[in-house]
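Just below is one structure, and these are the notes that go with it.
The values are calculated or read from the model by the stated rules, or taken from the named source; none is laboratory data. This structure is a prediction, so every number in the text was calculated from the model and none was measured. No Cβ is skipped: glycine too gets one built from the backbone with ideal geometry, and neighbour counts run over all protein chains shown. Heads up: the accessible areas ignore ligands, DNA and RNA and are worked out on the full protein's heavy atoms, side chains in. Shrake-Rupley method; radii C 1.70, N 1.55, O 1.52, S 1.80 Å.
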Amino acid sequence: MFSSKGFRGIIRQELKVEVDKVKEEYPDFKPGLAIVQVGDAADSNKYISHKIKAASEIGMEAKHYKLPSSSTLAQVVNQIETLNKDHRVHGIIVQMPPDSDEPMDQDILLNKVDASKDVDGLTDHNAGKLSRGELNTCFIPCTPKGCLELVKRCGAEVSGKRAAVLGRSKIVGAPMSDLLRSQNATVTMCHSRTKDLPAVLQESDIIVVGIRQPLMVKKEWIKPGSVVIDCGINFIEDKTKKSGQRMVGDVDYVGCKETASWITPVPGGVGPMTVAMLMSNTIEGAKRNLHKMKKGGAWNMRYLPLQLETPVPSDIDISRAQEPKNVAELAEELQLLPDEIDFYGKKKAKVSLSILDRLSGAPDGKYVVVAGMTPTPLGEGKSTTTIGLTQALGAHLRKNVFACVRQPSQGPTFGIKGGAAGGGYSQVIPMEEFNLHLTGDIHAITASNNLLAAAIDARIFHETTQSDKALYSRLVPLQKGTRTFSPVQLGRLERLGINKTDPDSLTEEEISKFARLDIDPDTITWQRVIDTNDRYLRQITIGQSPTEKGITRTTQFDITVASEIMAILALTTDLKDMRERLGKIVVASNKNGEPVTSDDLGVGGALAVLMRDAIKPNLMQNLEGSPVFVHAGPFANIAHGNSSILADKIALKLVGENGFVVTEAGFGADIGMEKFFNIKCRYSGLKPNAVVLVATIRAIKMHGGGPKVVAGKPLPVEYSEENLDLVEKGFCNLRKQIENASFFGVPAVVAVNQFATDSDKEVELIQKLSREAGAFDAVGCTLWAEGGLGAIKLAEAVQKACEQPSNFQFLYDVKSPIEDKIKTIAKKIYGAADIKLSEEAQKKVDLYRKQGFNDLPICMAKTHLSLSDDPTVKGAPTGFVLPIRDVRASVGAGFLYPLVGTLRYDTADVLFVIRADDWLCSPILGSEGFAWDNVPVT
């Protein structure tokens, strides 16, 4: 006789050991089982309690979801779909039959369970897999699986034996037949129409019965020495029992046990094994999920072949010639769950931050930042290199790889600058969707920024025109005879040192202190924004309507991506963190010099509501089909110039420990890379594995004394002819940027972005000098003309660099004085001898220190065209004094940004840039201006 209870104990102990073993490596591992029940049937309740108890003993978590008998089919389906989306649930069973007031289609309910969580193995998907013998990719129904386990544990041979299965139900008979066949048994499925059933059974070595016919199979029907598994559950009359009946199986147990070698009793036979197999399947589901996370990468990616043309067509023609995959296909390749993706059309989508919770135990991939040498006004191809590198890693080296890039601003897209999708055969596609609107993040920033701007002026208006009492009544209105402080108001009271929670208990002085912000209009730093280059909004007067009662002031519009909210989006780590950062935005000072925040205005929560969707990264793809996150687009001067922390974090989890995430830092390495390390990595906690420094022969020659490079004008001949002397002289700039990377302890790979006019000797010279300067490697690449094919060697070098130890460290301690942090960046990264703060800058530094902002990191707003503050000075200057004319604060984003020199220029109409301190005292300046390079200057 099979002692199933004994086997059950052994199996449960084995499963517990299995769970504990996985937990040793992954402490958060906890298989989750959800049991959905409709109604309150007593036998179902008892059965479910056994399952929950068994799960607890093993170290699993089983939850019971009981719906009332009055539930509709739609309500039950909704519960199942909710559980399908819950990453903590690895197995779902629907207790059958449903005890509902109205009949429910059981097939519909069973097939609503996600096949990957169908631990009962009853969905059509799993049944189909089993019938085809694909046991490793499906769940086997628990009762048949338990039956086979019993047969194996008694030592009976299955392969080559004859087996008979009585019954053809979906739960036992049909899957049992498939399962035995998969074990190489010769199987006969018997049913009510089978002729001469006893003769069939007498030839069978293994007999499994599930027909709900009490005691039907007799001793004479079975072959001596056969194994008999009885799955039947029947009740017959028995006056000796208190209930008047007893449970029996489909087999005459008393008679057959004398002939069979092994036989299961009823009760106590198959039932306990069914529960044990349910636990086993749930653990298997949890392990499969963990395996997905651990591999990070069993991506089955369909890459898109490129049809390379010579000469290379325009960017837009290349983009339109390549048909992108539907983003739904890309999401499936990335193994995203249905609730983790929100589609915006067919080519782009947003992904949920819940991915970070689901993959919290998964290891990160390799983290690579692309920066560059000090560029020419034409740019040296960082975006193109970022995308081309990921195309090479993905489509050619078959690595899991994500590119993480910034979203371009609509204003420059319609101006001279154009978009930011990369170029040539290394692009994000579709180009139009990438550059225009995308999913509306920039519009959300515009709305939230301008809501805050409106709140500032509305508050000034109301405080000017109303008494303390009237203001207080507006801020804390009576509702059903009661006043109540909101949480944000309680926070303001605490900051004011008023330790009261009852609005009616405040004194008149406390009411005035609470209700009045006393904003000093001259200190307002918060401007309205629009995502269009509109020069006539650079200075405006507001409040001219008669309804504003003469309360006017001069202000301006900035472009949306200059908003601090954009920087907050890029640096936030979760929704709660974003809400806190939005509340900390300092918009002005009051008349006592104290900071006024958006939470003081009471709009921090409203800003977060407007940004609730913008916080989700946007999923797109490159020309060869690898995934790209496009998220956030802060400026690289007054902000840190990097895409979002959240996009990087999610990408690092999705690619897995053998994958790569490649992100780009704006401007040259002295600006974008330095801010990536000192600001972005400080807030994210992520440690980069390698830096790619993009260089061009063109830029190196310019730094070696080559002629001036002007956007829109043909390049001088020096840039198209071989000139090794010019290359060697200009290498000083790239050498300095290699040194800058070394300050942070991260290996650097130089990517020489080649043009058709570059000679092999020039490229080889840069490679030689780069390695001598300390670069891990230097590689020539032709990714603009050849896409990933032209970046294979670069990808291989980056892969090797990421295998090296990364001794990442910050450049400065944030607790150091503000002046010292600025000086450290100026001296180490730029090569300056010292800094000089203007009177205004020193005043701001003292103010921020007093206001408690000393410990914020530094975000230098400096020209990107030179290591110094003077854009005309090329190479690697040293010994200069860096002028700091002002210091401003982005407290919500979390940094101070010193303004270096008197730089101001616009992408649409720049003529040239000069330093005011060079010219203000010059005798050649007069009221009529002067001529510089034959250009009249006023």
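One table, with the values for the structure above:
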quantity: Lysine pair number, Cα distance threshold 22 Å (strictly under), the range 818-907, separation 8 or more or different chains; calculated: 25
quantity: Segment D613-S69, extension gain: residue separation times 0.36 nm, minus the distance between their alpha carbons; calculated: 192.1 nm
quantity: Solvent exposure, largest accessible area first (probe 1.4 Å, DNA, RNA and ligands not counted), of M279, M301; calculated: M301, M279
quantity: Förster radius 51 Å - calculated FRET efficiency between K239 and D124, Cβ distance, rounded to 0.05; calculated: 0.70
quantity: Fraction of beta bridges assigned by DSSP in the chain that are antiparallel (%, nearest 5); calculated: 35 percent
quantity: Inter-centroid distance (Cα atoms) of the range 773-845 relative to the range 313-388, Å; calculated: 24 Å
quantity: Greater than 18 Å apart at Cα, pairs in K51/K117; K46/K287; K30/K53; calculated: K46/K287
quantity: P(r) of the chain over all Cα-Cα pairs, binned every 10 Å from zero, in whole percent; calculated: 2, 10, 17, 18, 15, 13, 10, 7, 5, 2, 1, 0, 0
quantity: Near-label residues of the range 231-246 by backbone N, under 12 Å of a point 7 Å along Cα→Cβ of M96; calculated: none
quantity: Alpha-carbon centroids, the range 446-502 and the range 50-73: separation in whole Å; calculated: 48 Å
quantity: Listed residues V746, L451, Y65: farthest to the positive end of the dipole of the chain (Cβ charges); calculated: Y65
quantity: The range 573-614 - convex hull of alpha carbons, volume per residue in Å³; calculated: 61 Å³
quantity: Around R849: net Lys/Arg minus Asp/Glu count, Cβ-Cβ under 13 Å; calculated: +1
quantity: Residue pairs, from the table K112/K161; K85/K399; K325/K736, whose Cα atoms sit over 32 Å apart; calculated: K112/K161; K325/K736
quantity: Linear extension gain, K53 paired with K23, 0.36 nm per residue minus alpha-carbon span; calculated: 8.8 nm
quantity: Rounded accessible area per residue of the chain, 1.4 Å, Å²; calculated: 44 Å²
quantity: Charge dipole (debye, nearest 20) of the chain; +1 at Cβ of Lys and Arg, -1 at Cβ of Asp and Glu; calculated: 2420 debye
quantity: Relative contact order for the chain, counting Cα pairs under 8 Å that sit 6 or more residues apart, in percent; calculated: 11 percent
quantity: Net charge contributed by nearby residues that have their C-beta within less than 11 Å of A833 (K/R +1, D/E -1); calculated: +2
quantity: Within the accessible area of the chain (1.4 Å probe), percent carbon and sulfur; calculated: 50 percent
quantity: Solvent-accessible surface ranking, highest first, for F434, F414, F667 at 1.4 angstrom; calculated: F414, F667, F434
quantity: Set of lysines with alpha-carbon distance to K576 below 21 Å, sequence-local pairs under 8 removed; calculated: K350, K584, K616, K649, K653, K680
quantity: Net +/- balance of residues flanking A588 in space, Cβ distance below 12 Å, scoring K and R +1, D and E -1; calculated: -3
quantity: If the convex hull is drawn through the Cα atoms of the range 4-287, its volume per residue in Å³; calculated: 139 Å³
